[in-house]
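Undergrad: Mind having a look at this structure? Questions to follow.
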Amino acid sequence: MKKVSTDKAPAAIGPYSQGIIAGGFLYASGQIPINPATGEIEGADITSQTDLVCRNIGEILKAAGTDYEHVVKTSCFLAEMGDFAAFNGVYEKYFTGKPARSCVAVKQLPKSVLCEIEIIAYIGE
């Protein structure tokens with residue numbers, strides 16, 4: 001296994017890694033809308049928060065030597081399912097390869113953000 005880490009995405013704030021490469025796949029931890037430069041939550045609405053989450057994921061993908069086109073699965077968590085359409089509008093701009101996806105509403109997310117996304121991407125061997 002190989003850890004993936006970049007200062008261009010939020011640092012892990014607990015006992016976990018930004019991502020792990022194993023068996024030809026990148027397993028990236030869930031990303032929330034944290035500005036990696038400041039460590040602060042950014043974005044007041046679902047569209048701005050989703051955009052920052054997707055950009056952070058892009059940096060982790062880049063650090064692992066891959067891109068959005070190699071994402072095979074996403075798990076998406078929303079604080080409000082009523083935000084789904086706006087969330088999806090941003091999501092589809094990044095995940096153009098249309099990976100498999102789960103999207104659920106949860107009671108609450110870390111730091112009371114509006115969304116979180118985790119991904120699995122194919123790296124190859």
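Undergrad: Just need a number here: residues in the range 79-124 that are open to solvent by 40 Å² or more (accessible area, probe 1.4 Å), more than 19 Å from E59 (Cβ to Cβ), in contact (Cβ under 8 Å) with a residue 24 or more places away in the chain and not in a helix (DSSP H, G or I).
TA: Looking only at that region, the number is 9.
Undergrad: When only residues in the range 6-58 that are without any contact (Cβ under 8 Å) to a residue 40 or more places away in the chain, part of a helix (DSSP H, G or I) and not polar (S, T, N, Q) count, which is most open to solvent (accessible area, probe 1.4 Å)?
TA: Residue satisfying both the conditions and the ranking: R55.
The values are calculated or read from the model by the stated rules, or taken from the named source; none is laboratory data. Note that this is a predicted model, so its numbers are computed, not measured. Cβ: placed from backbone, ideal geometry, glycine included. Neighbour counts: every protein chain shown. Side chains included, ligands, DNA and RNA excluded: accessible areas come from the protein's heavy atoms. Shrake-Rupley method; radii C 1.70, N 1.55, O 1.52, S 1.80 Å.
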